[in-house]
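Worksheet: one structure, shown below.
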Amino acid sequence: MNDSTPEPGANPTFYVTARAGEVIGPDAASLIVGRAPEGEHLTYWDETEGDRDSKGVLWTRCSQTLSRTERPVGQPAGCLHPDRQYGTQLHRYCGACGCPARLRDGRYLHLVTEDERVEDGVVRTVHPPVCLGHAAACAARDPRLRNGFSALLVGASALWGVVGTLYEPVGRHEVRPRPGGPRPIPYGAVDDLRWTVAALLMRELTDLEEVVDLDRFLRESPV
């Protein structure tokens, strides 16, 4: 996986968003049953070191359409780009611009929807934090926030798992996707992760403080 961070840029329109023409998802023929001392698992027939993250999970392959300054270009495609999402989520960079999002007090600002709250005081999300400079634009322009959101100051965050597609063997070498489509899979589910192609990195957020008035908070916060 590419865990590098992008160079700062001026385009605030969602660095993590996939662009038209970018190819996301593995060729079905490239996935096969792998064998190792610990047992069978999912692999690419031509797997390279960059196909797995630091926890050993296999990730989907995808192309990128980038400018000379390494910024994504093209019309938004309406989904998150796995490689860019992974890098910003891992390093807790702003999902809009790809730059550092850490606030002066060490916390991070997240814009979350109700379905990302899994229990009282806990949020699980695939969406990276936002920086102060782009929070207002995200709140106004991100389609996922149109039906309401909460602005949260997050004091603690941990990598929880991935959103990915589970596969199963069908014969000695071939595999097929299991029914149900992509789903959240915690890093503790080792047996499932052996047969997963991950597409998004998920964090669990705790130590939350709700921002009642986001506009006022942004006006009064030093950038």
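Can you name the residue in the stretch 67-104 that is among the charged types (D, E, K, R) and part of a helix (DSSP H, G or I) and, of all such residues, is nearest to PRO222 (Cα to Cα)? Give the steps one after another, and end with the answer.
At the first step, the residues of the stretch 67-104 found to be among the charged types (D, E, K, R) are 68, 70-71, 83-84, 92, 102, 104.
Adding the requirement that they be part of a helix (DSSP H, G or I) leaves 83-84.
Values: ASP83: 31, ARG84: 27 Å.
Residue satisfying both the conditions and the ranking: ARG84.
Tell me, yes or no, whether the stretch 117-139 has at least one residue that is among the charged types (D, E, K, R), in contact with a Leu (Cβ under 7 Å, 6 or more places away or on another chain), in a strand (DSSP E or B) and over 21 Å from LEU58 (Cβ atoms). Walk me through it before giving the result.
Kept after step one, since they are among the charged types (D, E, K, R), are these residues of the stretch 117-139: 117, 119-120, 124.
This time we only want the ones that are in contact with a Leu (Cβ under 7 Å, 6 or more places away or on another chain), so: none.
The answer is no, given that none of the residues of the stretch 117-139 is among the charged types (D, E, K, R), in contact with a Leu (Cβ under 7 Å, 6 or more places away or on another chain), in a strand (DSSP E or B) and over 21 Å from LEU58 (Cβ atoms).
Applying the selection to the stretch 100-125, what residues are closer than 18 Å to ALA139 by Cβ and in contact with a helix residue (DSSP H, G or I) (Cβ under 7 Å, 6 or more places away or on another chain)?
LEU109, LEU111, THR113, VAL123, THR125
Out of (1) under 16 Å from LEU193 (Cβ atoms); (2) in a loop (DSSP other than H, G, I, E, B), what's the single condition that is false for GLY34?
For GLY34, the exception is condition (2).
Within the stretch 20-77, how many residues turn out to be in contact (Cβ under 8 Å) with a residue 12 or more places away in the chain, closer than 21 Å to ALA189 by Cβ and loosely packed, with under 11 Cβ neighbours inside 10 Å?
Here the count works out to 2.
Does any residue in the stretch 162-178 that is under 23 Å from TYR86 (Cβ atoms) and assigned to a strand (DSSP E or B) come within less than 8 Å, Cβ to Cβ, of a residue that is open to solvent by less than 50 Å² (accessible area, probe 1.4 Å) and of a type in the set (Phe, Trp, Tyr) six or more places away or on a different chain, and which pairs are these?
Here the result reads VAL162/TYR187; LEU166/TRP195; TYR167/TRP195; VAL175/TYR167; VAL175/TRP195; PRO177/TYR167, each pair linking the stretch 162-178 to a residue that is open to solvent by less than 50 Å² (accessible area, probe 1.4 Å) and of a type in the set (Phe, Trp, Tyr).
Name the residues in the stretch 44-54 that are within 21 Å of the chain's Cα centre (by Cα) and either assigned to a helix (DSSP H, G or I) or at pLDDT 95 or above (or both), would you?
The answer is GLU49, GLY50, ASP51, ARG52, ASP53.
With the structure loaded, tell me whether TYR93 is crowded, with 17+ Cβ neighbours inside 10 Å, at pLDDT 90 or above, hydroxyl-bearing (Ser, Thr, Tyr) and closer than 26 Å to ARG146 by Cβ or whether it fails that test.
Numbers: crowded, with 17+ Cβ neighbours inside 10 Å: yes; at pLDDT 90 or above: yes; hydroxyl-bearing (Ser, Thr, Tyr): yes; closer than 26 Å to ARG146 by Cβ: yes.
Yes; evaluated as a whole, the condition is true for this residue.
The values are calculated or read from the model by the stated rules, or taken from the named source; none is laboratory data. In this text the structure is predicted, and so the values were computed from the model without any measurement. Positions of Cβ are backbone-derived with ideal geometry, glycine not excepted, and every protein chain shown enters the neighbour counts. Ligands, DNA and RNA are stripped out before the accessible areas are found, and what is left, the full protein with its side chains, is counted by its heavy atoms. Shrake-Rupley method; radii C 1.70, N 1.55, O 1.52, S 1.80 Å.
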